[in-house]
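The values are calculated or read from the model by the stated rules, or taken from the named source; none is laboratory data. Quick caveat: nothing in here was measured; it's all calculated off a predicted structure. Quick reminder, even Gly has a Cβ in these numbers, built from the backbone with ideal geometry, and neighbours come from all protein chains shown. We work out accessible area using only protein heavy atoms, side chains counted, and drop any ligands, DNA or RNA first. Shrake-Rupley method; radii C 1.70, N 1.55, O 1.52, S 1.80 Å.
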Amino acid sequence: MKNFTSAKDIDDLPLLLDLAKEVKRNPFGYKKTGENKTIGLLFFNPSLRTRLSTQKAAHNLGMHCMVMNLNNEGWSIELEDGAIMNHTSQEHIKDAAGVVSQYCDILAIRTFASLQDRHADYSEKVLSRFMKYVTVPVVSLESATLHPLQSFADLITIEEKKVTAKPRVVLSWAPHPRALPQAVANSFVQWMKMADVELCITNPIGFDLSPEFAAGVPVIHEQDLALEGADFVYAKNWSSYENYGTIGTDHADWMITSEKMKRTPLAKFMHCLPVRRNVEIADEVLDSDASLILTQAQNRTFAAQAVLLNLLRNA
Ligand code: CP
């Protein structure tokens, strides 16, 4: 693996899963691999889990870790090649990416979707410009369309908790007061397609995911029907792909409640967090014995650690 920005970057998923299981069993067993190596974590957007779990993963590997919030600590970045920079942007991404490559052995970046311009978001405008000029391996900490470290942790969690060989996994849209990117949902679908699961998506009409990711996956627009027989219910909000970046106004009844979970009484519940309690998901579900939200968060460290270890070994 040269970079980690999508499931498509992975050479051998079963091998990467085995590596994650191994570092979870023995987190400090590879401290020598990262000795005298530095990772830079660059954030254009807020984070709790991704920032802390990736830092912890790096520390477990003996790496030095530098973190910077580019939006409020760095210069304002120009993305366009050939730009005449006589307005607000202060530093070209060519220079910024080249410079940070001098300080780091691996660079990781978080850059969310704008939700204003679908073409720019789905062409990964910021990440791709950054990757054009970086000279070291790149890890996505969530990009405009994908969140592979989250999805890897989700897959580890499903592998740990499944009780049937090929579990039925239902990705359900959930309500949210603000427009959110489609990245977690796209990414979850991308990874589940590579896993041994039966996947279905349920969302209101007008909220189908991009065919680039969801093609071939059954979509059921009746949530109650979709939930029946699920082994895992993964809930997440996303704004509309079709009417790009818009949110629904009358879908409060899509909140996951314990009544809904009764349709599939043996199912485990998953959410990547952060979650709007009692809007997206009822407290009673998040705090139930079926909830895996903290296991997912715990596995973020081991997903990141396996990815960093793989990149260090291939450097
Ligand atoms: N799930 C996730 O990526 O959380 P953060 O946005 O807090 O990093």
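Tally up the residues in segment 58-74 that are out of contact with any Pro (no Cβ under 8 Å at 6 or more places or on another chain) and modelled with pLDDT of 95 or more, please. Walk me through it before giving the result.
Looking only at segment 58-74, we keep the residues that are out of contact with any Pro (no Cβ under 8 Å at 6 or more places or on another chain), and these are 58-59, 61-74.
From what is left, the residues that are modelled with pLDDT of 95 or more are 58-59, 61-69.
Selection size over segment 58-74: 11.
Which condition number in (1) in a loop (DSSP other than H, G, I, E, B); (2) without any contact (Cβ under 8 Å) to a residue 60 or more places away in the chain is the one that Leu225 fails?
The number of the failed condition is (1).
Just to be sure I understand, how many residues within segment 224-258 are open to solvent by 20 Å² or more (accessible area, probe 1.4 Å), closer than 17 Å to Glu280 by Cβ and of a type in the set (A, V, I, L, M)?
Going through segment 224-258 one residue at a time, the tally reaches 3.
Which residue out of Leu16, Leu52, Leu41 is buried (at least 17 other Cβ atoms within 10 Å of the Cβ) and in a helix (DSSP H, G or I)? Walk me through how you get there before you give the answer.
Numbers: Leu52 fails: buried (at least 17 other Cβ atoms within 10 Å of the Cβ); Leu41 fails: in a helix (DSSP H, G or I).
One residue alone meets the criteria, Leu16.
Looking only at residues in segment 56-68 that are of a type outside the set (Lys, Arg) and open to solvent by 40 Å² or more (accessible area, probe 1.4 Å), which one is farthest from the ligand (Cβ to nearest atom)? Working first, answer last.
First pass over segment 56-68, keeping only residues of a type outside the set (Lys, Arg): 57-68.
From what is left, the residues that are open to solvent by 40 Å² or more (accessible area, probe 1.4 Å) are 59, 64, 66-68.
Details: His59: 17, His64: 21, Met66: 17, Val67: 12, Met68: 15 Å.
Step by step, filter segment 56-68, then rank; the result is His64.
Just to be sure before I move on: is Glu73 charged (D, E, K, R), open to solvent by less than 40 Å² (accessible area, probe 1.4 Å), over 18 Å from Ser140 (Cα atoms) and away from the ligand (no atom under 16 Å from the Cβ) in the structure I sent? Outline the logic, then answer.
Numbers: charged (D, E, K, R): yes; open to solvent by less than 40 Å² (accessible area, probe 1.4 Å): no; over 18 Å from Ser140 (Cα atoms): yes; away from the ligand (no atom under 16 Å from the Cβ): yes.
Spelling it out, it is not the case that Glu73 is charged (D, E, K, R), open to solvent by less than 40 Å² (accessible area, probe 1.4 Å), over 18 Å from Ser140 (Cα atoms) and away from the ligand (no atom under 16 Å from the Cβ).
Can you confirm whether Lys193 is surrounded by fewer than 24 Cβ atoms within 10 Å (Cβ to Cβ), more than 14 Å from the ligand (Cβ to nearest atom) and closer than 24 Å to Asn310 by Cβ? Give the derivation first.
Details: surrounded by fewer than 24 Cβ atoms within 10 Å (Cβ to Cβ): yes; more than 14 Å from the ligand (Cβ to nearest atom): yes; closer than 24 Å to Asn310 by Cβ: yes.
So Lys193 passes the test.
State whether one or more residues within segment 134-145 are at pLDDT 95 or above, crowded, with 24+ Cβ neighbours inside 10 Å and at positive phi.
yes
So which residues in segment 267-300 are surrounded by 14 or more Cβ atoms within 10 Å (Cβ to Cβ), part of a helix (DSSP H, G or I) and away from the ligand (no atom under 12 Å from the Cβ)?
Glu284, Val285, Leu286, Thr295, Gln298
Looking at (1) of a type in the set (A, V, I, L, M, F, W, C); (2) touching a Phe, Trp or Tyr at 6+ places or on another chain (Cβ under 8 Å); (3) within 12 Å of Gln305 (Cα to Cα), which is the only condition Val67 fails?
For Val67, the failing item is (3).
Confirm whether Thr135 is of a type in the set (Ser, Thr, Tyr), within 16 Å of the ligand (Cβ to nearest atom) and farther than 16 Å from Ser47 by Cβ. Show your work before the answer.
Details: of a type in the set (Ser, Thr, Tyr): yes; within 16 Å of the ligand (Cβ to nearest atom): no; farther than 16 Å from Ser47 by Cβ: yes.
Answer is no for this residue.
Name the single residue that is farthest from Pro181 (Cα to Cα) among those in segment 76-98 being among the polar types (S, T, N, Q) and open to solvent by 40 Å² or more (accessible area, probe 1.4 Å).
The initial filter retains those residues of segment 76-98 that are among the polar types (S, T, N, Q), namely 76, 86, 88-90.
From what is left, the residues that are open to solvent by 40 Å² or more (accessible area, probe 1.4 Å) are 76, 86, 88, 90.
On the way: Ser76: 22, Asn86: 31, Thr88: 26, Gln90: 27 Å.
Filtering first and then ranking leaves Asn86.
Would a scan of segment 99-113 turn up a residue that is more than 22 Å from Ala303 (Cα to Cα), open to solvent by 40 Å² or more (accessible area, probe 1.4 Å), touching a residue at least 60 places away in the same chain (Cβ under 8 Å) and outside any loop (DSSP other than H, G, I, E, B)? Quick ask: steps written out before the conclusion?
Here is the first cut: in segment 99-113, the residues more than 22 Å from Ala303 (Cα to Cα) are 99-103, 113.
Among the residues that remain, those that are also open to solvent by 40 Å² or more (accessible area, probe 1.4 Å) are: 99, 102-103.
Still in the running and touching a residue at least 60 places away in the same chain (Cβ under 8 Å): 103.
With outside any loop (DSSP other than H, G, I, E, B) added as a condition, the list becomes 103.
Among the residues of segment 99-113, at least one is more than 22 Å from Ala303 (Cα to Cα), open to solvent by 40 Å² or more (accessible area, probe 1.4 Å), touching a residue at least 60 places away in the same chain (Cβ under 8 Å) and outside any loop (DSSP other than H, G, I, E, B), which makes the answer yes.
Of all residues in segment 147-174 being assigned to a loop (DSSP other than H, G, I, E, B) and open to solvent by less than 10 Å² (accessible area, probe 1.4 Å), which is nearest to the ligand (Cβ to nearest atom)? Give the steps one after another, and end with the answer.
Filtering segment 147-174 for residues assigned to a loop (DSSP other than H, G, I, E, B) gives 147, 162-167, 174.
Next, from what is left, pick out any that are open to solvent by less than 10 Å² (accessible area, probe 1.4 Å): 147, 167, 174.
Values: His147: 6, Pro167: 22, Ala174: 14 Å.
Result: His147.
With the requirement that a residue be open to solvent by 10 Å² or more (accessible area, probe 1.4 Å) and either within 14 Å of the ligand (Cβ to nearest atom) or within 19 Å of Ile156 (Cα to Cα) (or both), what does segment 302-315 give you?
Selection gives Phe302, Asn310.
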